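A.B. asks: Sharing a structure, written as structure tokens. Questions coming.
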Amino acid sequence: MRSRRLLGTLAAFALLAGAPATAELPAGDEIARRINARDDGESMSRTLEMELIDKRGSKRVRSARVLRRWFGEEKRLAFYYLSPKTVEDTAFLVHDHSEVGREDDQWLYLPALRKVRRIAARDRGKNFLGTDMSYEDMKNETRVTRSDYTWKTLREEACDDTVCLVLEATPLDAEIARAVGYGRITYWIDPAMWIARKVVYDDVALRHKKTALLSEFREVNGIWTVHVLEVRNHQTGHRTVFRSREVDYQTQLDPDRFTERGLRRGLP
């Protein structure tokens, strides 16, 4: 697997750079485009286990079923909590529109209130249900929101068993920075898979906020898939470990799972 990934990395650099080792690195926006152009399947389902660990080491474990399906150019993501009882049947839905300038539609279903609450675009930078990922982070999965940032290639750098392209994203304006909660994001992108291996987030004041480490990359149904994601908040001392299992890109998913009515009904 390591040799195959290394060959993929070399092939990717050869394709982009064309030839000499001294050739310029690909532009930042081109790297961001390739991240979003990678094959992630027409549909996907997985079970996600989340371990929430506070600064004293106390742990809480939650599990959820995550469903994702493409409807033309629009991505829809549905997130259904399975356990523990305190959050069971809580559900989150995103309609990620492809049109530049059009805000995504996001809803949160709270079973205790039997109510679906719409999440405003200005709240997308808030933490997702006690984890160290924001609503925006959860929606993006391994993709990026190209239209909200300017993109700059910084350098090549060794990471794990390969060579990564280091990419910097800066919000287009102060309003976007406040909404997403970041003043700068730096990605270490593996060009064999076009997936980040590491992401560093700085807050609006450019103070180091959190680091995400992605690992256990395995092919599932021919698609490179991240199985472990660890996010550490350096300002609070809290961290979250996400582990994916039962990943499936082949099962056809009911379109009703991706509606407000589907949120209320829950999983079958």
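A.B. asks: Do we have residue 26 as part of a loop (DSSP other than H, G, I, E, B) and either at pLDDT 95 or above or among the basic types (Lys, Arg) (or both) here?
C.D. replies: Answer is yes for this residue.
A.B. asks: Is there a residue being among the acidic types (Asp, Glu) and at pLDDT below 90 anywhere in the range 118-127?
C.D. replies: Yes: the range 118-127 contains one or more residues that are among the acidic types (Asp, Glu) and at pLDDT below 90.
A.B. asks: Suppose we keep only residues that are among the small types (Gly, Ala, Ser) and in a strand (DSSP E or B) within the range 53-67. Which one would you say is nearest to residue 236 (Cα to Cα)?
C.D. replies: Top of the filtered list is 63.
A.B. asks: Find the residue count for the range 222-253, including only residues that are on the phi > 0 side of the Ramachandran plot and surrounded by 12 or more Cβ atoms within 10 Å (Cβ to Cβ).
C.D. replies: Total meeting the criteria: 1.
A.B. asks: Might you let me know whether the range 69-78 holds any residue that is touching an Asp or Glu at 6+ places or on another chain (Cβ under 9 Å), without any contact (Cβ under 8 Å) to a residue 40 or more places away in the chain, surrounded by fewer than 17 Cβ atoms within 10 Å (Cβ to Cβ) and part of a loop (DSSP other than H, G, I, E, B)?
C.D. replies: yes
A.B. asks: Which of (1) under 16 Å from the mean Cα position of the chain (by Cα); (2) within 25 Å of residue 68 (Cα to Cα) is the odd one out, the single condition residue 186 does not satisfy?
C.D. replies: (2)
A.B. asks: Another question, if that's okay. Considering only the range 30-49, state which residues are among the hydrophobic types (A, V, I, L, M, F, W, C) and closer than 22 Å to residue 69 by Cβ.
C.D. replies: Of everything in the range 30-49, those that are among the hydrophobic types (A, V, I, L, M, F, W, C) and closer than 22 Å to residue 69 by Cβ turn out to be 35, 37, 44, 48.
A.B. asks: Separate question: If we keep just the residues of the range 106-145 that are among the β-branched types (Val, Ile, Thr) and surrounded by 20 or more Cβ atoms within 10 Å (Cβ to Cβ), which is nearest to residue 170 (Cα to Cα)?
C.D. replies: Within the range 106-145, the match that is nearest to residue 170 (Cα to Cα) is 144.
A.B. asks: On to the next question. Only one residue in 87, 116 is over 26 Å from residue 188 (Cα atoms), in contact (Cβ under 8 Å) with a residue 40 or more places away in the chain, among the aliphatic types (A, V, I, L, M) and in contact with a helix residue (DSSP H, G or I) (Cβ under 9 Å, 6 or more places away or on another chain), so which one is that?
C.D. replies: 116
A.B. asks: Kindly indicate whether any position in the range 95-104 is closer than 17 Å to residue 63 by Cα and either outside any loop (DSSP other than H, G, I, E, B) or in contact (Cβ under 8 Å) with a residue 24 or more places away in the chain (or both).
C.D. replies: Looking through the range 95-104, none of the residues is closer than 17 Å to residue 63 by Cα and either outside any loop (DSSP other than H, G, I, E, B) or in contact (Cβ under 8 Å) with a residue 24 or more places away in the chain (or both).
The values are calculated or read from the model by the stated rules, or taken from the named source; none is laboratory data. Every value quoted in this text rests on a predicted model; they were computed, and no experiment measured them. Using ideal geometry, Cβ is built from the backbone for each residue, glycine included, and neighbour counts are taken over all protein chains shown.
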